[in-house]
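What follows is a set of notes on a single structure, which appears directly below.
The values are calculated or read from the model by the stated rules, or taken from the named source; none is laboratory data. Small disclaimer: the values here were computed from a predicted structure and weren't measured. Cβ placement follows ideal geometry from the backbone for every residue including glycine, while neighbour counts extend to all protein chains displayed. These area figures cover heavy atoms from the full protein model, side chains too; ligands, DNA and RNA do not enter into them. Shrake-Rupley method; radii C 1.70, N 1.55, O 1.52, S 1.80 Å.
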Amino acid sequence: MPRIGMEAIRREALVRAAITEVGEVGMVEVTVAKIAKRAGVSPALAHHYFGSKEKILFAAMRRILDEFGSSVKARYKDAATPRERLEAIIEASFGPDQFDPAVVAAWLAFYVQAQRKGDASRLLAIYEARLRSNLVYALRQLVPLEAARRIATGLGSLIDGFYLRAALKDFGMSRSDAVAMTLEYLELTLAKEMSS
């Protein structure tokens, strides 16, 4: 196999290993050596490909966000109405690939990393802007713009909140309960807005 092929395979293994490692031991305990061992490569090779633990974790978050985007797009194929588009976003937010304990832990580590200026902060801003834009676009077809923005903020806060609770493990809830509660909030806020 050509070297480029092996590099891609090893990078992918390191990204997957980083997600699993963060999920098992938490951000503080994760080291490049632990990630490399789980991926079956040497720590020197991991440093060669990424340069630091932060850069491996950044690559892991890019992968998680790419998978989230693909999940939303796949669900959009069956979404014919604005409500169905909103449901698609909510269901993708809590999909099995996203609301997995290791991925939830990676999200939490990503939020911490994004507190500093830099790549993680910019990536988080892009994710939040896309989520908000997609929510507001669908909501705007149902309610006035200001209400759409307010409801989108509430939906984003609920999604983030359920991830934080899931990261705390003892306070988490099931994926289906998180979807149901978020959809209930959506229905209540839409009903209130449409009745006024």
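Things to note:
- Search result, residues across the stretch 60-82 that are open to solvent by less than 60 Å² (accessible area, probe 1.4 Å), part of a helix (DSSP H, G or I) and either within 30 Å of VAL143 (Cα to Cα) or in contact (Cβ under 8 Å) with a residue 60 or more places away in the chain (or both): MET61, LEU65, GLU67, PHE68, GLY69, SER71, VAL72, ALA74, TYR76, PRO82
- So THR182, is it over 18 Å from ASP100 (Cα atoms), of a type in the set (Ser, Thr, Tyr) and part of a helix (DSSP H, G or I): no
- Selection of first residues in the stretch 83-112 that are in contact (Cβ under 8 Å) with a residue 12 or more places away in the chain and assigned to a loop (DSSP other than H, G, I, E, B) and of second residues that are open to solvent by 10 Å² or more (accessible area, probe 1.4 Å) and of a type in the set (Phe, Trp, Tyr), restricted to Cβ pairs under 6 Å at least 6 apart or on distinct chains, gives the following pairs, ordered by first then second residue: GLN98/PHE68.
- Some residue of the stretch 1-21 being surrounded by 13 or more Cβ atoms within 10 Å (Cβ to Cβ), more than 24 Å from the chain's Cα centre (by Cα) and modelled with pLDDT of 90 or more: no
- Residues of the stretch 39-59 that are in a helix (DSSP H, G or I) and either of a type in the set (A, V, I, L, M, F, W, C) or in contact with a Cys (Cβ under 7 Å, 6 or more places away or on another chain) (or both): ALA39, ALA44, LEU45, ALA46, PHE50, ILE56, LEU57, PHE58, ALA59.
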